[in-house]
């Protein structure tokens with residue numbers, strides 16, 4: 001980021017909420033429609049969601065302390 005600032009380069013993050021995962025709204029029971037890109041994404045398998053739940057739990061804890069949602073904390 002410092003280099004971008006120094007050179008006046010803008011940065012547009014791609015999928016900053018992990019295609020919805022970092023919102024805390026997706027759990028291992030989530031199903032996706034056939035036309036939803038997440039359906040075939042390895043990040044959204046039941047096992048991956050379960051394994052990565054610790055990340056969302058951390059965002060939730062911080063959000064509770066700060067009065068914010070997991071998504072708001074992820075974007076900070």
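The numbers here are math on the coordinates, done by the rules we state, and not lab data. Computed from a predicted model, the values in this text were never measured in an experiment. When we count neighbours, we look across all protein chains shown, and the Cβ atoms used for this are built from the backbone with ideal geometry, even at glycine.
Things to note:
- Restricting segment 7-27 to residues that are assigned to a loop (DSSP other than H, G, I, E, B) and on the phi > 0 side of the Ramachandran plot, the residue that is farthest from the chain's Cα centre (by Cα) is 8.
- Hits in segment 6-33 - residues which are surrounded by fewer than 10 Cβ atoms within 10 Å (Cβ to Cβ) and out of contact with any helix residue (DSSP H, G or I) (no Cβ under 6 Å at 6 or more places or on another chain): 6, 7, 8, 9, 10, 12, 13, 14, 15, 29, 31, 33
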